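Below is one structure; the comments refer to it alone.
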Amino acid sequence: MTNKKGIARLLEIAGEKRGLMIVSGLLSSLSAICMLVPYASVYFILKELLEHAASPALADGAKMIRFGVIALLGFAVGLITMYAGGMASHIAAFRILYGLRIKLSGHIGKLPLGWLTGKSTGAVKKTLEHSVEKVETFIAHQLPDLVHVAVTTLLMIAVMFTLNVWLAIACIVPIVLGFAVQIALISGSVTKENLKRCYDSLERMNASAVQYVRGMPAVKVFGQTVQSFRQFHQDMIRYRDYGVKLTDQFQYGSLIFKVILGSLAAFILPVGVFLLSRDPGSVAFASVLLFFLVMAPGISAPMFKIMFLAETIRDINEGVERIDRILAEPHVPEPEHPSRPTSFDVTFDHVFFSYGSEHADTDALADISFTARQGEVTALVGPSGAGKSTIANLVPRFWNVNTGSIRIGDVDIREIATPDLMNTVAFVFQESFLFYDTVYNNIAVGRPDAPPEDVYAAAKAAQCHAFIEDLPLGYDTLIGEGGVYLSGGEEQRIAVARAILKNAPILVLDEATAFADPENEHEMQLALKTLMKNKTVIVIAHRLSTIRDAEQILVMDSGRIVERGRHEGLLSAGGLYGRMWNSYRQAAAWHMGKGEVDAEHEHAAQHYGG
Amino acid sequence: MNMLRSITADNPRSLVKPVFYTTIANLAGIIPFALLVEAARLIFNPFVHPDIPLDTARLWWVCGGLAASLVLLFVCEIPAYRAQYRDAYGAAANGRSRLAEHLRKLSLGYLNKRDPGDLANMITGDFAMLEHGISHLVPQMIGAVVMPVLALIGLSFLDWRLALSLFAAMPLAILLVFLTSGIQRKLGSQHMRAKIDAGGRLQEYLNGIRVIKAYNLTGERFVRLESSFRELMRQSIRLEGIVGPIVLSAIACIRGGLTLMVMAGVHLLLGGSLDVITFVAFLIIGTRIFDPLMTALAGYAELRYLEQAGGRIVQLLREPVMQGERLPPANHDVELKQVTFGYMDQQVLREVSLSMPAGSFTALVGPSGSGKSTILRLIARFYDPDKGTVIMGGEDIRAMDPEALLHKVSMVFQDVYLFQDTIAGNIRFGRKDATREEIEEAARLACCHDFILKLPQGYDTMVGEGGSTLSGGEKQRISIARAMLKNAPIILLDEATASLDPENEAEIQKAIDRLVRGRTVIVVAHRLKTVQHADRIVVMDHGQIVEQGRHDELLSSNGLYARLWSRQHSPQQPDIFPDHRP
């Protein structure tokens, strides 16, 4: 990873398409030169006219028409080269954009899972969409523009000085002056202060807009949209006020710049008149003066283009920084000499783990050791926040452990190549995620090369065949975004079908039946039973009844395993598991009533407590 | 006109001021130009008429005039600048608050359907673009069109033949742009589609990253994302590549006028029917007259883009707001009459009629997708029914102010949104004027007091985005505390306690029992046992009510309910392991 910043970093990014960029630069230069041809042609025509002013009939008509045509040709070639150069830079830019997006999304895929869950996907999405586009602005527009301006300016200055030094100075001094005023204003400390304030209030307004929109449903429910609106309105007004203040500050500076650059003739003419009055009859000088008067706009026009350069560059820098911040995030390292497990017991060996640095003081997992054997079910139970899901997420290496190790068979999972590891473990997560795609493809994700019969078999095994057949287009029905929305239970069964199709030797179930409704739940259990045969199964369950017969129950609390054993043993030990079992039975017996509820609760607790 | 409407987010009047002042400034810009032409005439004069000497005094006057025009320009530019930049902030702020205000009145159903990130971006990002368009781009473009037209009129007086030749190619350019606008629009919308698609795929990638990782599909291997990025690249290049030549040929056409003018001028000059000075004036003006037009054409693409962004905003502003001003009546009987409802083309409820008297306890049960939750949403007026009516206290709720109606209803749903605020602040959302004691009392009743005290700053702990994280069960209890404080007569409940650990679950149950006491309760239940004591159990299937009655009645009638019940309570229920559920 490089540590270059700003423009240097941008050029580095652009350098990935060096050839195209050079072509674009050359074409832009050529275009800049050609664009000056019409001005020059007009000058030559004027000169011809001056020479024969007294008797116009003697002027060389063919020559003047030739210059007229040259002006058009020059302009046309200028346009064509501008287009060609623009295309070169645009193609380069769009390719770089594409490359950056692929690189970023690939990189994100390799990052520990915690990175993405730790921040809003909105911010990441914004980086991949908007920040990346800022790079496009620079490469496709700003860079060729810069070349264009530079070539035009240099060429013009050279020509001007060759023609007449004094007029050239009269032309350049105001330009320099205009820029000086501009720069002095922008770099002033008050300006910087105000700029920062303006940006801060903008950021604040953006954040409050997000909060406003996101919270709207909840705010509405409590009938407080007016307050919420008022808050957002305040931030909006604050941004407006800072913005106005800032523009007020820039007012005179940018107006001076604009007026001066737009009326260079006002500076050239007095010098010209002075010189002309000393040598009134000179055709040569008169034509040079006319040249300056006609050409002046040729030099100032492109300058307007770069007037906002400072601002855009600041914008771009910010975008590049965001991109680099993602790219600088270290990804989960791949083993140098990967090996593959041959047996599939899962062993945690004195594992300590914490999420990120903020939680450094509290380990999410502390000294976890257990072995989940092949062909057996290992169940994780405990209060929420005890670390059950963390264990499940460590097996596929979504995070790396701090100390200790996790082994599959005899192989440390850090020694297994990610694709191999993923092929070894199948998951059914708490919230099932379906792609915006057909039902068929959503199942086939489990094993993309599976023949259709296997996909249908998996769907049948997961008890989803029947409801899929009921969908408008059966297996070809699109899910989500204008397609069909499935219920939570149906989505989950599709996720199970995926896992069945994958048929990996290790199965991790995270609260897999949480959202199933009664009808589905029954079918889900059947599906899971099929799936679990002869596998190493790690299951996180809240409904304790579902894991009563598990070969091993690990009871977790505050990141530690506090009890372990089988159901009966744990019950008779009378610890946390016993307490949980009691409240579980109490909760399962609950029914909503009206009146004297608390008494009823006490009663239930007593009843099941014994 | 439509375009202007889009660009200004449905407020074309906001253009008047910037356009007016920009035009004034542009007109002032003609003065130094005229002086320049005069200077050229004076310089030329002694060469045309060798007997007349160079009029230096007049030239100095012209210099003075130029200097004065600098000041004049500066003065004229001030209001233009203020209208362009300064007022833009005001215009954008007004537009933003209009949009935010509108958003507030939209149906909850609509808001839930939209991606909040997208909406927020409309309020901030899209408006920032419009800000630029209103204040800057449009006035500039209008100036760019007005100037050449004025010049054409002025030059016609000087010499109509040259003026005509200078502008002869202009109609061709306009025709070209006009004829190809269809292609441009098509390409533009294709590009937009590719962009939206890439955004959608990216969102999917980020949301599903865990599954994508688990199935070895990260980065390039996630073909759908890769191909959407590739398509976006292809469309971007295509748009640039095809629209570019159109714009550039239009420019070339316009610029070709200069050459035509030179040809005509030379011809007339040699023929003796044109004097040199006029020709010179035309030459000088001809080289510069089209400069503003060039800038305008460069801004054309941006304008198209603005049009699309603005169009989206206009569309949102046109989205019908929830109607109704009446206050809900004091009587809280709720009734559905022949209600039919669907999301887009998916019909969810078909002619459902159901009455829930005040103080009653109604349970909705049935397979998933049968329309249970939709009934709750219709009662809270997230949506209005397609056919039929929802009635409260004998009146159609469509006539009632949606927010006033929501004051009558408390909802405890699965997804709880916590504001970026303290715990106390979050509970206070139930009733804004609640005292600290009332908040703590509500928290106690909702079984949150104990866990709140364990938080670092107790009731003053920040939660929500960037704040302390709470478990699902804790969040749910906070939402119950809110509802306690709100003290609404109707409770809508979506029972979803399945994903919680037993201890949490028991606490929530206790909290719910306290919440529902003495109120009208309508609950979507997954576990039939929970609601066996309901006054009425409504069994739904495929968007219709198939059975209703009390628990015993339904059991004895041996229908769908009886089947569901036995499935949940048969002793041989095939759980993962043989279950002995109480």
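The values are calculated or read from the model by the stated rules, or taken from the named source; none is laboratory data. In this text, all values refer to a predicted model and were calculated from it rather than measured experimentally. Because the Cβ atoms are built from the backbone with ideal geometry, glycine has one as well, and the counts that use them run over all protein chains shown.
With part of a helix (DSSP H, G or I), closer than 30 Å to A:Leu327 by Cα and not basic (Lys, Arg) as the only criterion, which of A:Leu185, A:Leu154, A:Leu195 stands out? Within the list A:Leu185, A:Leu154, A:Leu195, the selection yields A:Leu195.
Results for (1) farther than 30 Å from B:Val262 by Cβ; (2) of a type outside the set (Ser, Thr, Tyr), shown as yes or no for each residue.
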position	(1), (2)
B:His132	yes, yes
B:Gly154	no, yes
B:Ala163	no, yes
B:Met170	no, yes
B:Ser181	yes, no
B:Arg185	yes, yes
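Cβ separations smaller than 9 Å between residues 6+ apart or across chains give the following pairs from the stretch A:263-284 residues that are touching a residue at least 12 places away in the same chain (Cβ under 8 Å) and facing chain B (nearest Cβ under 9 Å) to residues that are surrounded by fewer than 18 Cβ atoms within 10 Å (Cβ to Cβ) and acidic (Asp, Glu): A:Val283/A:Glu51.
Within the stretch A:23-30, one or more residues are within 21 Å of A:Gly86 (Cα to Cα) and among the β-branched types (Val, Ile, Thr).
Hey, can you tell me all the residues within the stretch B:331-352 that are surrounded by 16 or more Cβ atoms within 10 Å (Cβ to Cβ) and part of a strand (DSSP E or B)?
Looking only at the stretch B:331-352, we keep the residues that are surrounded by 16 or more Cβ atoms within 10 Å (Cβ to Cβ), and these are B:332-337, B:339, B:341-342, B:348-350, B:352.
The answer is B:Val334, B:Glu335, B:Leu336, B:Lys337, B:Val339, B:Phe341, B:Gly342, B:Val348, B:Leu349, B:Arg350, B:Val352.
Within the stretch B:298-329, the set of residues being free of Cβ contacts under 8 Å to residues at least 60 places away in the same chain and within 12 Å of chain A (Cβ to nearest Cβ) comprises B:Ala298, B:Ala301.
Evaluating A:Asn534 against the criteria (1) part of a helix (DSSP H, G or I); (2) surrounded by fewer than 22 Cβ atoms within 10 Å (Cβ to Cβ); (3) more than 8 Å from chain B (Cβ to nearest Cβ); (4) at pLDDT 70 or above leaves one unmet condition, (1). Scanning the stretch A:58-91 for residues that are of a type in the set (D, E, K, R) and at pLDDT 85 or above, which turns out nearest to B:Arg238 (Cα to Cα)? It comes out as A:Arg66.
Tallying residues that are free of Cβ contacts under 8 Å to residues at least 40 places away in the same chain and farther than 28 Å from B:Ala198 by Cα within the stretch B:95-125 yields 3. When the stretch A:558-573 is filtered for residues that are in contact with a helix residue (DSSP H, G or I) (Cβ under 7 Å, 6 or more places away or on another chain) and under 20 Å from B:Ser471 (Cβ atoms), only A:Val562 remains.
A single entry from A:Val411, A:Val401, A:Val445 fulfils the requirement of being among the β-branched types (Val, Ile, Thr) and at the interface with chain B (Cβ under 9 Å from one of its Cβ atoms): A:Val445.
I'd like to know if the stretch A:4-14 contains one or more residues that are farther than 30 Å from B:Ser273 by Cα, touching a helix residue (DSSP H, G or I) at 6+ places or on another chain (Cβ under 9 Å), in a loop (DSSP other than H, G, I, E, B) and of a type outside the set (Phe, Trp, Tyr). Reasoning before the result, please.
So in the stretch A:4-14, the residues farther than 30 Å from B:Ser273 by Cα come out as A:4-14.
Next cut, touching a helix residue (DSSP H, G or I) at 6+ places or on another chain (Cβ under 9 Å) only: A:4-7, A:9-11, A:13-14.
Then drop every residue that is not in a loop (DSSP other than H, G, I, E, B), which leaves A:4-5.
Those still in the list that are of a type outside the set (Phe, Trp, Tyr) too: A:4-5.
For the stretch A:4-14, residues farther than 30 Å from B:Ser273 by Cα, touching a helix residue (DSSP H, G or I) at 6+ places or on another chain (Cβ under 9 Å), in a loop (DSSP other than H, G, I, E, B) and of a type outside the set (Phe, Trp, Tyr): present.
Among the residues of this structure, B:Ile78 does not count as one that is at pLDDT 85 or above and touching a Ser or Thr at 6+ places or on another chain (Cβ under 9 Å). The test for being more than 33 Å from the chain's Cα centre (by Cα) and hydroxyl-bearing (Ser, Thr, Tyr) holds for B:Ser249.
Does the stretch B:353-363 include one or more residues that are in contact with a helix residue (DSSP H, G or I) (Cβ under 6 Å, 6 or more places away or on another chain) and either more than 20 Å from B:Val546 (Cβ to Cβ) or assigned to a strand (DSSP E or B) (or both)? Checking the stretch B:353-363: at least one residue is in contact with a helix residue (DSSP H, G or I) (Cβ under 6 Å, 6 or more places away or on another chain) and either more than 20 Å from B:Val546 (Cβ to Cβ) or assigned to a strand (DSSP E or B) (or both).
Residues that are part of a helix (DSSP H, G or I) and surrounded by 20 or more Cβ atoms within 10 Å (Cβ to Cβ) within the stretch B:212-235 comprise B:Ile212, B:Lys213, B:Ala214, B:Leu225, B:Ser228, B:Phe229, B:Leu232, B:Met233, B:Gln235, listed in sequence order.
For the stretch B:75-91, check the following and say yes or no: at least one residue is within 7 Å of chain A (Cβ to nearest Cβ), more than 37 Å from the chain's Cα centre (by Cα) and of a type outside the set (Gly, Ala, Ser). No, the stretch B:75-91 contains no residue that is within 7 Å of chain A (Cβ to nearest Cβ), more than 37 Å from the chain's Cα centre (by Cα) and of a type outside the set (Gly, Ala, Ser).
Here's the yes/no breakdown for (1) more than 30 Å from B:Met322 (Cβ to Cβ); (2) in contact with a Pro (Cβ under 9 Å, 6 or more places away or on another chain):
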{"site": "B:Ile24", "(1), (2)": "yes, yes"}
{"site": "B:Val48", "(1), (2)": "yes, yes"}
{"site": "B:Asp51", "(1), (2)": "yes, no"}
{"site": "B:Ala92", "(1), (2)": "no, no"}
{"site": "B:Ala100", "(1), (2)": "no, no"}
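Scanning the stretch B:364-389 for residues that are in a strand (DSSP E or B) and within 13 Å of another protein chain (Cβ to nearest Cβ) yields a count of 2. Filtered by the rule that a residue be buried (at least 18 other Cβ atoms within 10 Å of the Cβ) and either touching a Gly at 6+ places or on another chain (Cβ under 9 Å) or modelled with pLDDT of 85 or more (or both), the stretch B:254-264 gives B:Gly257, B:Leu258, B:Thr259, B:Leu260, B:Met261, B:Val262, B:Ala264. Just a yes or no: is a residue in the stretch B:275-297 free of Cβ contacts under 8 Å to residues at least 12 places away in the same chain and either of a type in the set (Gly, Ala, Ser) or more than 8 Å from chain A (Cβ to nearest Cβ) (or both)? Checked the stretch B:275-297: no residue is free of Cβ contacts under 8 Å to residues at least 12 places away in the same chain and either of a type in the set (Gly, Ala, Ser) or more than 8 Å from chain A (Cβ to nearest Cβ) (or both). Filter the stretch B:261-285 down to residues that are closer than 11 Å to B:Asp159 by Cβ and assigned to a loop (DSSP other than H, G, I, E, B), then give me how many there are. Of the residues in that region, 3 qualify. Considering the stretch B:177-191, the residues that are buried (at least 18 other Cβ atoms within 10 Å of the Cβ) and not polar (S, T, N, Q) include one that is nearest to the other protein chains (Cβ to nearest Cβ), namely B:His191. Keeping to the stretch A:25-75, report how many residues are closer than 20 Å to B:Ile254 by Cα and basic (Lys, Arg). Residues in the stretch A:25-75 being closer than 20 Å to B:Ile254 by Cα and basic (Lys, Arg): 1 in total. Among the residues making up the stretch B:96-110, those that are at the interface with chain A (Cβ under 7 Å from one of its Cβ atoms) and surrounded by fewer than 19 Cβ atoms within 10 Å (Cβ to Cβ) are B:Ser97, B:Glu101. Would you mind stating whether B:Arg238 is farther than 30 Å from A:Met295 by Cα, touching a residue at least 40 places away in the same chain (Cβ under 8 Å) and surrounded by fewer than 20 Cβ atoms within 10 Å (Cβ to Cβ)? The answer is yes for B:Arg238.
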